[in-house]
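A short write-up of the structure that comes next.
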Amino acid sequence: MTPGLFLGVALAGGLGAALRLTVDTWVRERAARDAAYGLSAYGLGTLLINVAGSLALGLVVGLASRELLDPAWRLVLGTGLCGGFTTFSTASLDTARLVPAAGPGRATLHAAATLVLSLAAALLGLALAGA
């Protein structure tokens, strides 16, 4: 790996993390406003982030597998941007926090939704890329 590619992956990872913070903050603020209507969006930001990131990574990998995207860009966009944007650890923590807050049933549903929707999004991304 060249120093330039390393720097590109690092910068894209930082951008992905900043995007994650922005999206999660927006979802939390929106959920706080909607709480007056009885809506709860606990963990929704992380779920949306991981599903969107899985779709994007599926597209990147699919395009790269068809040689429509340079391998260096696959690293920058896939490893850097998508890696910085998505977050398995936060999804796991959100699920763990749901156990005492909402019960094991809701926590299990949240974990299953995260896995199933993220997998479906990755498959869709691959399909859209023609891979």
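For the range 64-82, residues that are basic (Lys, Arg) and in contact with a Pro (Cβ under 9 Å, 6 or more places away or on another chain) total 0.
Within the range 45-76, the set of residues being among the hydroxyl-bearing types (Ser, Thr, Tyr) and buried (at least 22 other Cβ atoms within 10 Å of the Cβ) comprises THR46, SER54.
Restricting attention to the range 77-121, and to residues there that are among the polar types (S, T, N, Q) and touching a residue at least 24 places away in the same chain (Cβ under 8 Å), which single residue is most open to solvent (accessible area, probe 1.4 Å)?
First pass over the range 77-121, keeping only residues among the polar types (S, T, N, Q): 79, 86-87, 89-90, 92, 95, 108, 114, 118.
Filter once more, keeping what is touching a residue at least 24 places away in the same chain (Cβ under 8 Å): 79, 86-87, 90, 95, 114, 118.
Values: THR79: 81, THR86: 40, THR87: 14, THR90: 48, THR95: 28, THR114: 21, SER118: 18 Å².
Applying the filter and picking the extreme gives THR79.
Would you list the helices (runs of 4 or more DSSP H) that sit entirely within the range 47-131 and hold 3 or more residues that are more than 21 Å from LEU7 (Cα to Cα)?
Working: elements: 71-74, 88-102, 104-128.
Passing ranges, in order: 88-102, 104-128.
For LEU39, state whether it is outside any helix (DSSP H, G or I) and either open to solvent by less than 40 Å² (accessible area, probe 1.4 Å) or modelled with pLDDT under 85 (or both). When the stated conditions are applied, LEU39 passes them.
The values are calculated or read from the model by the stated rules, or taken from the named source; none is laboratory data. Not measured: the values here are computed from a predicted model. Virtual Cβ from ideal backbone geometry, glycine too; neighbours counted across all protein chains shown. For accessibility, only protein heavy atoms count, side chains too; no ligands or nucleic acids. Shrake-Rupley method; radii C 1.70, N 1.55, O 1.52, S 1.80 Å.
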